[in-house]
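Please treat every number below as a calculation from the coordinates, not as lab data. What you see is a predicted model; the values in this text were computed from it and never measured. Cβ coordinates were reconstructed from backbone atoms using ideal geometry, including for glycine residues, and neighbour counts include every protein chain displayed.
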Amino acid sequence: MSTPSTLPSPTPSSPNEPPSGSEKKPNYVLDAFALFALLQKEKGAATVTALLMRAEREQVALHLSLINWGEVLYSIEREQGAERFGTWKAKIARLPIQLAHVNQERVERAAHIKSQHRVSYADAFAIGLAQELEAAIVTGDPEFKSIENLISIVWL
C-alpha cells in the first residue's frame, strides 16, 4: 500500500512539495474503489485522505468522472438505502474533487478503451480521464492491472 509520503506524482514535481508557479499541479483521478476505501475506512483510506488534504492546500488536483460518481452513488443506495444516499452525496460533494462531465469525446475514448481492454465501462471512463489529464489513477481495483502500461496507478 502506498503511504502518503511515497505517493508517486504523474508530473516532474515532488509529490510532497507544492509545485512552483511554472509547473503544473499533479493530477489524480479517483475511481469508485478509492472513494469506497475512504468512506468505509478500508485499506487505502489513509492514502486517499492524504490526497484530499493536499487538494485542500491546492498542491494536487483530484478528479472523478461523473460515471464513477454515479457508480458510487448507486452502490450506496443499493447497499444502504436512499437516506444514506443523500447523506453520503452531501459529504462527498464537499470534498475537493472536481467532477468531470461526460461529453462525446470522453464517451468515445471510454468506448475505445472498453473495446480494447478487459475493464468495466465505468473504469474505462476513469482510464480515459486519466489519459486526458495526464493523471495517475488512484485505485485498489485489480481490474486495473491489465492497463498498467497505459497510465500511472497509485495502488491502494
Tell me, L51, L35, L150 in order of fewest to most beta-carbon neighbours within 10 Å?
L150, L35, L51
Hey, could you get me the Stokes-Einstein D for the chain, Kirkwood radius over alpha-carbon pairs, 37 °C and 0.692 mPa s, rounded to whole µm² s⁻¹?
208 µm²/s
Run through the range 68-156 and list the GluC sites (Glu not before Pro) located in a DSSP loop whose Cβ has at most 12 other Cβ atoms within 10 Å.
E148
Among the lysines, which fall within straight-line cross-link reach of K145, defined as a Cα-Cα distance under 17 Å, with same-chain neighbours fewer than 8 residues apart omitted?
K114
Two-decimal log10 I(q)/I(0) for the range 92-156, as the Debye equation yields it once each C-alpha is a single scatterer, q = 0.15, 0.17, 0.23 Å⁻¹
-0.46, -0.58, -1.02
The equivalent-ellipsoid semi-axes of the range 53-114, taken as the square roots of five times the Cα gyration tensor eigenvalues and listed largest first in whole Å, are 23, 20, 8
Distant-in-sequence amide H partners of I137 (H built 1.01 Å from N, under 5 Å):
V29, S152, I153, V154
Segment A90-E23, extension gain: residue separation times 0.36 nm, minus the distance between their alpha carbons
20.8 nm
Which of T139, T49 has the fewest other C-beta atoms within 10 Å, and how do the rest follow up to the most?
T49, T139
